[in-house]
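A short worksheet on the structure shown next.
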Amino acid sequence: MDNTSTWSVAKVKVEYFDPAGVFPLISDQLDSRLPLHNLNWKSPKRPLRSIESLHVELFKSWELVGDSSRPSSRQTHLPTPTIAPVKERRHQIPGLRQTPYLKLYLLRCDDTELYKAIHRKAVREWLKSHIPASQSSSKKSTAQENHDAFEWMILHVVMPDANSASEKDRLDSKKGTSSMLEKLKADFNVSSKSAPDRIAQLCLSPKGRDINQDQREEWDDAIAKTKALILASFNLRVTQYEDDIRERESQRALPGWNFCTFFVLKEGLARGFESVGLVDDALAGYEELGVELDTILANHEDEEPTVSFLSTTGDLNTLYERAKDGDLKSDSKFWGPDNPAISSTKKNFRELILANNISVFDFKCYVLARKMAVLLRMSRANLQGPENLSPLAQLCQLAAWSIPNIARIVRDDLTQIAKSSPHDQSSPIIENIVASWTYSAVQQVLDETRTAFLAQSTPTEPHFSSLLKEKQSVYPKRKSSVAPGHEKPVDDAQLLFESLKKRAGGVPDQSSTNRTGKDYLATQRAQLLLLQRRLIEAMALRQGQSIGWVNAQGGEDPSTLKEVDLTEEEQSEEDEEPSETVSEEEKATLSIGICHPDLYNAVISKKALRAIYEALTKEALDLYYISSQGKSFERMLADLAMVRFQAGDYAGAANYFSKIIPIFSQLKWTLIEIRMLMIHAECLKMLNRKDDYARMLLGLLDKAVASKTSPGMKLQSATYVDIESFQIRGQSILHELSATATQLPYEITVPFLTYFHNMVIDPHIKHYTDKEGFQLRLKFRSVLEETIKINSAKVVLTTSSDSGPSQIVLESNEPVEVGKGTTTIVLGTHISTLGSYTVNRVSISSNKIVFTRDLAEEDRASFPGVKSKAPQVLVYPRNDAFSVHMQLPPTIHIERTRDLELELDVGPEHIDKAELRLKAASSGLRIHTSKVEVTSGTATINKDSQGGIGLSNLEQSSKVKLKIPYELDDHHRDINVKVELSSTKPKLDYSSVQTVTIELPLDVNVHDLFKPKHIFQRFHIKTANDIPLRILGMKLHETDRFAVQEPAADIFPATIFAKQPATFMYEVRPKKSDGDLQVRQIANKEAPLILEVEYQCLDDLSIAKILTKFGSDLEQSPYNSLERLLTKFLTQKLRSIVLPANHTESALFEEISVPHFVAIGWANLLNDLPAPLAGELATWLKQWHEDNEILPLLLHKLGSSGEVANHQPSRKIIISVPLPRLQVLHVTNLKLPNSISETIPVGFPITAAVSIVHSRQWESPMLSQGLSETEIEFMYDVDAPPDTWLIGGQRRGRFVAKEDEATQWEIVLIPLRTGKILLPSIDVRVVGKNSEDVSCETDCKAQGRIVMVIGDLKRTNVAMVGTEAHLVRAES
Amino acid sequence: MSFYFAIIGTKDNPLFVHEFGTSKQGGDGVARFRDEARHMNPFIVHSSLDILEELQWGSGSMYLKTIDRFQNSHISAFLTGGNIKFLLLSTPDLPPIATGLRPPASSSRTNAAFSSFNPTAPATEEAIKNFFLEVYDAWVKTIMNPFYRVDAEVNSPVFRARVGAAGRKFL
């Protein structure tokens, strides 16, 4: 093979004969016109070929070099004849030499005469000696000659000094020279029309002067003629070659046909094409040759050999022998730039071919080398412009296909050689040589096709991550025909259509047009690199280790590790990598026959092996990046990651993995992803990145579980991978996870449901037998294959109602081994409350890994209206559990500070110390916890408790009552108090919200009647809320100054209905002290009267009755344990569904109609109970309701005394009734004369005496001091209906009186109608300036007195008709 | 021969993957990929999509014949109208080999053990084409399921059975 500089340009040889030595004069001009441009070759059998530029190599006719007397210094000016043409032996097979296509005669002759005398003869001589007569005269020439066919041309050079004297002279001389031209043409041009013009003239201008227009035309003419003649001779040659080839081809079947000669002949044509720059045709020729050679070789053994090849190659034989003897230096390049693996010039191949003395290996190498040469030339056809990359890519592709083929021949050759020489067949020598050759050959191609273009766009390592990112974003866009983005649905048909149209429409064949040569070249180079890489992989495999993904075991083979460990011990090197170096002996064995440094290094050092592998991969990666082959790019990345891992560079590997795993994961290549994840995990483990490692393991487990549980996944044999069976360094994933998790500084929360399915929380609580609180059972099924240790479990219950604690946490702290299948964990709490709770969160933790399920969150996430999945848990206390009940105390003193009574029902455990907190939950409520008192039971209150009430020594199963005063600013019917009690020993947390109705169920009104000696007090009692009341007793307590006279009748107990208020009247009279009536004291000194009312509310009564009955019946039943729950439920229901009207009815009939089973709504409660229990309980409850439809309510019969029936304690209200005050009490009288009989006639005037006296005793003297002695002006008024009485005299009058001063006067009364009529009333008012300040009442003694008025008749006649009497006549 | 058949969606994601072995010449229909090489199959198929994307606009036919090779595996492709790609990776079964001094897999053509398999032989191409057509038939029926959406994985056991049957019939 020629060196690149020469075969990069096509050269046509042109020989010139320059007897006058004018060539140097024209060479400058000639150079500027070279190479020749735009030659159009039209051959009859071929389409028009256009040769854009043809390089011409001018050389002096060497035959005459010796003859000519030109100074040798001139030689330096000659443009190109650097290689002196060697006279070749004319061989029988043509096409071997590069003979000139054109011969030039440079004629210098200024004088016609001289021409005629000397030059014409000289030219003729030249023609005769050089041009075969046949060619110059006729076309009939031998085939032999036509192979070297050439044309000739005479170039007449006119010297400038010949015509520089004057313009005229110049004209003359021009004339003279033109005549010279004419003469030359006449003498030498063939007269035929088709014959080419072989004469051209050049007028040289003097030195330093530019050529003028005429001269330029002359030059153009000369060049055009040169082109035409070159083409003509080329055409001749091609035609001849084709004829020859056709002839040989037809003889193929004949015996004795020799392929080699045919080959050389055909190659001649190809070379011809190549020499004129028709490289495409040349390449086609070589392609044909290559195919023919293959055909010959394929038929070589079957048929009669048309050619005999050497069975072995000499070079290889030598190499083999050297290798065997250990003579070969393994670490140096055997094939390199000096000794290329594929070369067409290493030997004189053509001679060898002609001599049938060539091996198949050499032959194929030669063909390949020639093809490569042509392709390289194609790529560099244009020296100035950019390289054409497509041929380079073709070259790479060709190499990628051919080199492995030739490698096989190398192996066959070597096997042949090995057979003949006694040697160990198992030795890797053959393979090593083959690998070395292949590697070198590929390297050679890579070196030759290396171009600056690829280097420019090669990404550098630091930008790698950005590049990858770009890749990820760019690729789907460019590659996929649909819109990118997974979220976006691909239903946009229009978009799809347009993108397809865009791609398909303008670009019918993408592979050829749309792809730039750069892409193509990059791809092909990458292929070659991969070929090299495969050799390295094979080397690695021979060392028993894997590299890259091919043959990857997912980790290092333990057996290899073991083996290598031993060697390491022997070597006792510090190297971390155990298998870094190979022992000398092994080295020698393995490396025998290797003759490329890369391969040698790869064999002797694993480090180098990986380095080479990585370098190759990276280079391929870059190339794939350039060629936009996204998927191959990704594969290379994966390989890089893997090799880093295998090299122990875990950080690097992890870095790569973290980038590529998402790609494959996104594409859902499960198998790849999982393998990568496993290795990535191992990297993280080695890097001690515990957090990432744990997460990675979790991710793997996640996938393992997902693949196991997704429907239909197991059917897919190809995709199903049992991830759990994978091991990291011999440990299962779960084991690794547990081990790692313990070292984590914080907890990792992972979704519960991923790993544990069928989670069930038994909604039925189970009480502890010996203490407060309850247990729940959490059941779930582990989908993991292995056992996982659970340290603790936790269930959080919440409720929205405020009756109890808003959150209950159940925990189990006993470690549990959770294996495959169902596991039950019992969780407990010491909290005791009543209410319906929702499971809010479930979490179980194994070391630092917390599996959590947030049911509340799930509910929020689900569609509204979908039934909540969170189980409801009905929490209720055991019967004897600690409980608190808050109520009003039985006795309420209206005037005093109100109290709340807190009843603590201490559970089965003695409480040493507890803290009670009361929080007001109603506005304006203030609870004075500091003034708490124990009213019953035993308990000690610790005053020093902060913020709450410290209680201690609460005896078990006892009841303790506390009294706590409170104040209420706002008006409420009910008040709410949150009661919390916590104790540490025993552990107890009680919390509830107590609602107390503070409104009194009864209203009491007082009405006073003042009398001179006493006061009547009337008490009106009515119900406040329509519920009948039962007044059990009533007492107005006398004070030290006033005595009270109770009503005589014993009317209690009395029932008051809503529409029937009751009135009770008491007489209050001042007590006598020493015989005198005591005067009133001032208001704040005088003790008020105390009214005490003992009562019961009918609702309390009837509900208590029902509950008592229910309770006692329940106690007999097997459902005793549910008493608290059932009773509470029943109470709530009864309170809400029984109306005041029902209570009225109960009070009237004295029997209670118990609401029906359905009305109570037991079903709601039963739903929350375990099924079997609920069923039985329902039956029992139904039966109970049936049996107890009506309960007797004996109100009167048992209510004989203060002790009341039904065990329902009575309630007592104490009201202080201050005795009213009156400043002035008038006692008026209307005294009829004694003469007036019982009856008086109508119109009979009666003189009545009116007396008014007033007392001031109902006011304390101190207060009324200013008034007592003074006179007060009053006005009296006698009032009577005008149709009844006619009042004569002073009906109204003013008077002034002092206390006890009687005033008397007379009036006349005339009755106006008959019948019993009331006397007129007398009313007295205070008038005057201080009438507003003085209260005054009148006690009219005459009030209510009746006089009988009769008609004033003397005689009356009455007629009796039967039993009826008729007034007949009356006479007055 | 062992086969690895993959259906690739429009986003280059596998929709369906099936492994099977040849049933011709006494084959039992069981894939015999080497365990350690099994994970290479997705890699190879995935990277051959590069080639497929170049070739798919070149010819009008759905069957693209052998488009790529990797070591001794060959990949044949079939392209549906919906840009779903069927890729069949075929690998000749390896004779059990000692890992010690194995002939290097420097080229797919150098190992004599594989030389019997010619992926470009007309008979092979025709068999693979028939296989693809049969699968395509089943595929169209499968995706006619109204609940199927583009690029969703196909888990239908019926479809899998059909692919298996087609494999037994032709390969």
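Averaged across the residues of B:48-57, what count of C-beta atoms belonging to other chains lies within 10 Å of each residue's C-beta?
Mean shielding count: 6.
Give the order of A:153, A:678 when sorted by the count of other beta carbons within 10 angstrom, beginning with the fewest.
In increasing order of surrounding Cβ atoms, one gets A:678, A:153.
Would you please put A:369-375, A:242-248, A:1220-1226 in order of how densely packed they are, using the mean number of other Cβ atoms within 10 angstrom per residue and starting with the highest?
On the way: A:369-375: 25.0, A:242-248: 14.7, A:1220-1226: 19.9.
The densest-packed peptide leads the list: A:369-375, A:1220-1226, A:242-248.
Relative to the Cα centre, what is the charge dipole magnitude of the stretch B:2-170, using +1 at the beta carbon of each Lys and Arg, -1 at the beta carbon of each Asp and Glu, and rounding to the nearest 20 debye? Please list the in-between numbers first.
Values: 17 positive and 16 negative charges, 68 e Å.
Approximately 320 debye in magnitude.
I want the local charge near residue A:791. Using Cβ-Cβ distances under 12 Å, sum +1 for each Lys or Arg and -1 for each Asp or Glu among the other residues.
Combined, the nearby Lys, Arg, Asp and Glu give -1.
I need A:796, A:1154 ordered by Cβ neighbour count within 10 Å, fewest first.
A:796, A:1154
Mind giving me the FRET efficiency for residue A:346 and residue A:321? R0 is 30 Å, r the Cβ-Cβ distance, nearest 0.05 is fine. Walk me through the numbers on the way to the answer.
Numbers: r = 19 Å, r/R0 = 0.63.
About 0.95, to the nearest 0.05.
Determine the shielding of peptide A:662-673 by partner chains: average, over its residues, the number of Cβ atoms on other chains within 10 angstrom of each Cβ.
Numbers: counts 0, 2, 4, 0, 3, 9, 9, 12, 4, 8, 7, 1.
Mean partner shielding for this stretch: 5.
Taking the alpha-carbon centroid of each part, what is the distance from the stretch A:1309-1368 to the stretch B:19-38 in angstrom?
133 Å
Taking the mean number of other Cβ atoms within 10 Å as a proxy for protection, how do you rank A:974-986, A:1046-1058 from highest to lowest? Let's see the in-between values first.
Details: A:974-986: 17.5, A:1046-1058: 14.3.
In decreasing order of mean packing, A:974-986, A:1046-1058 become A:974-986, A:1046-1058.
Once amide H atoms are built 1.01 Å from N in the peptide plane, which residues 5 or more positions from residue A:1339, or in another chain, come under 5 Å H to H?
A:1226, A:1227, A:1228
Mind checking A:283-295 for the average number of partner chain beta-carbons within 10 Å of each residue's beta-carbon?
That average works out to 0.
What number, in percent, do you get for the relative contact order of the stretch B:2-170 if the mean sequence gap of Cα pairs under 8 Å and at least 6 apart is divided by its residue count?
25 percent
I'd like the Karplus ³J(HN,Hα) series for the stretch A:1135-1142: coefficients 6.51, -1.76, 1.60, θ = phi - 60°, whole numbers in Hz, and an x wherever there's a Gly or Pro.
For the stretch A:1135-1142, the Karplus curve yields 4, 8, 9, 8, 8, x, 4, 5 Hz.
Could you pull out the pairs from A:103/A:346; A:60/A:116; A:1071/A:1298; A:618/A:668; A:789/A:1128 whose alpha carbons sit more than 30 Å apart here?
Pairs exceeding 30 Å: A:103/A:346; A:789/A:1128.
With 10 angstrom as the radius, rank B:136, A:101 by how many other C-beta atoms surround their C-beta, starting from the fewest. Each step should come with its number before you reach the end.
Details: B:136 18, A:101 27.
Fewest-to-most ranking of B:136, A:101: B:136, A:101.
Just so you know, all these numbers are worked out from the coordinates, no wet-lab data involved. Note that the structure is predicted; figures quoted are calculated from it, not measured. Ideal geometry is used to build each Cβ from the backbone, glycine not excepted, and the neighbour counts take in all protein chains shown.
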